[in-house]
1. Which angle between 0 and 90 degrees, to the nearest 10, do you get for helix B:15-30 versus the longest principal axis of chain B when only C-alpha atoms count?
2. Take the solvent-accessible surface of the protein heavy atoms, probe 1.4 Å, and return the percent of it on the range A:123-318 that carbon and sulfur atoms account for.
3. Rounding to the nearest 10 and keeping the result within 0 to 90°, find how far the Cα-based axis of helix B:325-341 lies from the longest principal axis of chain B.
4. By how many nm would the segment from A:LYS168 to A:SER143 grow when fully extended, if each residue of separation counts as 0.36 nm and the alpha-carbon distance is taken off?
5. For chain B, with a Gaussian network of springs between Cα atoms less than 10 Å apart, report the residue from B:CYS205, B:CYS236, B:CYS18 with the top mean-square fluctuation.
6. How far is it, in nm, from the label point at B:GLU7 to the one at A:ASP32 when both lie 7 Å from their Cα along the line to the Cβ?
7. Interface size between chain A and chain B, please: total buried accessible area, 1.4 Å probe, rounded to the nearest 100 Å².
8. Given a cut-off of under 8 Å on Cα pairs at least six residues apart, what relative contact order in percent is computed for the range B:1-153?
Number of protein chains: 2
Amino acid sequence: MLVLSNEEVGQLLTMEDCLDALERLYIDYANDKALLSLRHDNLSPNSTPEAYYAFKHMGGTWPAEGIQALRLNSDVITHPVIEGKIRRVKQPLANGRWVGLVMLFSTETGQLLAMFPDGVMQRIRVGAANGTALKHLAREDVSKLALIGSGWQAGAQLMAAMAVRDFKNVRVYSTRKENRENFVAEVKSLYPTADIEVADTPEECVEAADVIMSATSAMIPVLQSEWIKPGMHISCIKTYEMSPEVLDKCDVVFIHTQAQGKHIDNTLPGTPNVFNESKHKEWVNDREKGILQYPDIKKLVAGQEPGRDNPEQVTCFVNNIGMGLQFAAAGAVIYKRAMEAGIGVQLEDDWFSEDVHP
Amino acid sequence: MLVLSNEEVGQLLTMEDCLDALERLYIDYANDKALLSLRHDNLSPNSTPEAYYAFKHMGGTWPAEGIQALRLNSDVITHPVIEGKIRRVKQPLANGRWVGLVMLFSTETGQLLAMFPDGVMQRIRVGAANGTALKHLAREDVSKLALIGSGWQAGAQLMAAMAVRDFKNVRVYSTRKENRENFVAEVKSLYPTADIEVADTPEECVEAADVIMSATSAMIPVLQSEWIKPGMHISCIKTYEMSPEVLDKCDVVFIHTQAQGKHIDNTLPGTPNVFNESKHKEWVNDREKGILQYPDIKKLVAGQEPGRDNPEQVTCFVNNIGMGLQFAAAGAVIYKRAMEAGIGVQLEDDWFSEDVHP
């Protein structure tokens with residue numbers, strides 16, 4: 001059983017490989033050749049003041065690569081108010097660390113093949129999903145990217161965008177000056193052929209853009225309808241960042257998936273009912289079918305739904321929710337690469353199997 | 001992170017401890033102080049001829065003991081015809097072994113506390129569920145037990161029965177003579193104060209019984225309505241073994257749980273549709289609400305539903321389906337005992353956690 005660290009995952013999983021794996025997965029999934037293990041969240045009280053326990057799991061079966069993936073998150077969560085905003089903060093209480101794991105099983109033998117932390121893979125697969133949409137929806141000749149956000153997810157969005165189009169100019173805006181400046185300083189050296197610059201207002205960020213990617217932790221709409229111009233492609237990493245007004249200006253819209261609803265059980269007394277206040281929920285109720293009226297990106301990738309058909313159209317991708325199956329796609333790549341390169345720690349297989357028919 | 005073997009689990013988890021933990025769990029669960037992680041099964045084709053891949057997971061959150069459990073089964077399954085009957089056989093393709101795992105997480109810190117195979121715990125918790133029902137439903141003075149079945153599950157049923165009542169006589173019947181004789185030879189020494197004997201027909205097995213426990217792998221009714229006499233307690237480990245005719249003769253019936261439906265996704269082409277032919281399904285459809293018309297055993301244990309109120313009544317427990325929460329109960333016991341005794345292998349915690357906010 002192979003154990004990998006986040007550093008090793010980062011070293012093994014290139015954005016290009018992940019984009020390739022997701023592309024193949026989406027085609028299989030669109031053709032009923034892959035199976036989702038739906039996301040479930042159990043929320044319960046625990047003894048940390050103002051905190052609660054959250055156990056989340058999701059996964060998927062991808063027979064073509066012989067992989068069953070399961071991703072688990074075991075978190076103690078608080079909702080402190082920081083600078084006037086309610087945040088969702090996972091407390092690192094496991095000896096100062098967090099617990100998020102990906103497990104890979106072989107559909108050929110049943111064997112537990114690998115376990116590794118989810119952190120690096122989690123953002124690469126979000127980036128790759130939006131990158132796949134960009135690849136299939138944006139004009140071929142886009143050259144100017146507006147990136148809103150300067151956190152970890154924004155970095156993966158940039159990687160994905162640079163992997164699928166030849167952007168010559170990137171403008172980065174985020175609410176904190178220091179963060180956006182640090183981000184730009186960091187990524188500049190990675191893309192020497194592009195002109196990457198800080199924008200001091202959102203308007204400056206988007207004014208000349210062909211593509212706008214939002215990758216923030218905001219719980220309110222980020223993308224503004226007045227920013228939308230003919231021929232643009234826009235995307236975001238969660239529904240909160242989007243608004244019905246922006247969608248009304250788009251000609252072609254895809255979402256990540258209609259299927260992957262969250263099943264959340266937070267009925268235990270003492271568990272804060274944080275999900276009932278979700279903007280997403282209200283927003284979904286705003287229009288008849290809400291965000292779920294739009295088709296899955298897999299259908300575009302598989303050629304089952306049309307995408308852009310002229311350079312004037314505005315295209316849009318809303319990465320409304322993650323899918324456990326993405327961990328099967330990225331996991332298949334990682335496992336193959338790690339075994340080829342002899343990277344990681346091999347633990348005794350007998351610890352993770354048994355000699356009785358269970 | 002603590003790794004235990006099946007042998008160590010067997011050594012650490014006594015039936016008495018498991019009965020005690022389940023009793024407390026059922027009371028908490030009846031009072032909305034524990035949360036189920038519902039069972040999901042993904043079935044997909046793989047390349048072994050006549051086989052398919054099955055990934056099953058279930059779990060539960062038990063805040064009182066600070067435990068989140070997840071039980072996983074990753075199996076390659078075939079359905080060979082043996083002696084004219086279709087069987088369900090898990091193939092040991094993981095280097096000659098099977099893959100069934102229990103994971104325990106702390107709801108206080110999020111930490112992955114332990115991983116161990118599910119085989120031994122799986123049967124102990126089935127035994128303990130039926131033992132709990134027997135304890136609360138059977139007459140205090142029962143002394144004669146009829147046990148139908150001589151496999152692994154039957155052994156756990158016997159352990160549970162002996163733990164909650166003082167049986168003086170046990171008769172064991174199963175279809176294969178050799179098996180029932182071997183079983184009796186094996187268990188005789190464990191219970192020197194009881195007279196444990198082989199019955200060569202089912203009728204001989206049940207004729208003088210106060211309690212009948214069925215613990216077979218049969219996919220057709222085992223318990224016969226003509227066996228039922230006033231004052232009896234009967235139980236089984238799955239719905240198949242029961243029939244509506246037998247239930248009609250019972251005054252008080254409890255099932256394990258109404259909540260734990262199976263969510264089975266076997267929609268991938270090439271996956272045999274083994275579940276559509278389930279007797280259980282037809283049987284459930286036979287009567288208006290089928291087996292789910294009966295209350296959960298947790299309600300009896302918690303005093304929310306009445307049980308037996310006179311010695312003439314026939315009581316019945318149908319262990320219709322397992323619950324992931326049972327692994328939290330048994331797991332809490334195991335983990336505490338293993339840590340006290342210093343048993344098991346401790347693996348590097350950093351392999352199963354991360355230093356990034358995921």
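1. Long axis of B:15-30 versus the principal axis of chain B: about 80 degrees.
2. Details: 4140 of 8620 Å².
Carbon and sulfur together cover 48 percent of it.
3. Rounded to the nearest ten degrees, it is 70.
4. Computed gain between A:LYS168 and A:SER143 is 8.5 nm.
5. Result for chain B, Cα springs under 10 Å: B:CYS205 fluctuates most.
6. Label-label distance for B:GLU7 and A:ASP32, simple model: 4.8 nm.
7. 6300
8. About 23 percent, as a whole number.
The values are calculated or read from the model by the stated rules, or taken from the named source; none is laboratory data. The model shown is predicted, which means the values in this text are computed figures rather than measured ones. As a convention, Cβ positions derive from the backbone with ideal geometry for all residues, glycine included, and neighbour counts pool all protein chains shown. Side chains included, ligands, DNA and RNA excluded: accessible areas come from the protein's heavy atoms. Shrake-Rupley method; radii C 1.70, N 1.55, O 1.52, S 1.80 Å.
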